[in-house]
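Peer 1: Can you keep this structure in mind? I'll have questions shortly.
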Amino acid sequence: QVCHGLRTPQLPVWLCSLSGRHGVLFGTDSRLLSDWKTERVFHLYFYNGQREQTKTAHLTIDTHSHPWEEEPCEDPSSPGKRRPPVEMAIRTKWAGATVSWNGTNPFF
């Protein structure tokens, strides 16, 4: 029998398979599971256990940002416009959100 903590987590946790690697995307605010108002600006953490990741990445998610606030880029398909798979995974739940890596170089 599965305990209730595994069926209904107390904190938001997502297991991710990105570019053939596995990782965990999680939050430390339990209100993110039950109060939609907390989805305005919030923090998530990403860890994949790979050697190149020396510490858990702290991400700030802003779901009410505007596309014109992003840095301009000449062509959406140019390498400068590409987004890390972690950001794209986050946008499957929060479309149009901006992701700040808070000083960590984006990886994957």
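The values are calculated or read from the model by the stated rules, or taken from the named source; none is laboratory data. Keep in mind it's a predicted model, so treat the numbers as computed, not measured. For neighbour counting, all protein chains shown are included, and Cβ atoms are generated from backbone atoms with ideal geometry for every residue, glycine included. To get the accessible areas, we keep the full protein, side chains included, count just its heavy atoms, and leave off ligands, DNA and RNA. Shrake-Rupley method; radii C 1.70, N 1.55, O 1.52, S 1.80 Å.
Peer 1: Could you go through region 20-27 and let me know if any residue there is in a helix (DSSP H, G or I) and modelled with pLDDT under 90.
Peer 2: no
Peer 1: Name the single residue that is nearest to Arg83 (Cα to Cα) among those in region 28-51 being part of a loop (DSSP other than H, G, I, E, B) and of a type in the set (S, T, N, Q).
Peer 2: From region 28-51, those part of a loop (DSSP other than H, G, I, E, B) are 28-29, 34-35, 40, 48-51; that's our starting set.
Next cut, of a type in the set (S, T, N, Q) only: 28, 34, 48, 50.
Numbers: Thr28: 24, Ser34: 29, Asn48: 17, Gln50: 19 Å.
If we take residues in region 28-51 being part of a loop (DSSP other than H, G, I, E, B) and of a type in the set (S, T, N, Q), then Asn48 is nearest to Arg83 (Cα to Cα).
Peer 1: Any residue in region 20-31 that's at positive phi: show its pairings with residues that are assigned to a loop (DSSP other than H, G, I, E, B) and open to solvent by less than 60 Å² (accessible area, probe 1.4 Å) at Cβ separation under 7 Å, as long as the two are six or more apart or on different chains.
Peer 2: none
Peer 1: Look at Gln10 and say whether it is exposed (fewer than 12 other Cβ atoms within 10 Å of the Cβ) and of a type outside the set (D, E, K, R). Can you show your working first?
Peer 2: On the way: exposed (fewer than 12 other Cβ atoms within 10 Å of the Cβ): yes; of a type outside the set (D, E, K, R): yes.
The answer is yes for Gln10.
Peer 1: Checking Thr54 against (1) part of a helix (DSSP H, G or I); (2) among the β-branched types (Val, Ile, Thr); (3) open to solvent by 60 Å² or more (accessible area, probe 1.4 Å): exactly one of these is not met. Which one?
Peer 2: Failing condition for Thr54: (1).
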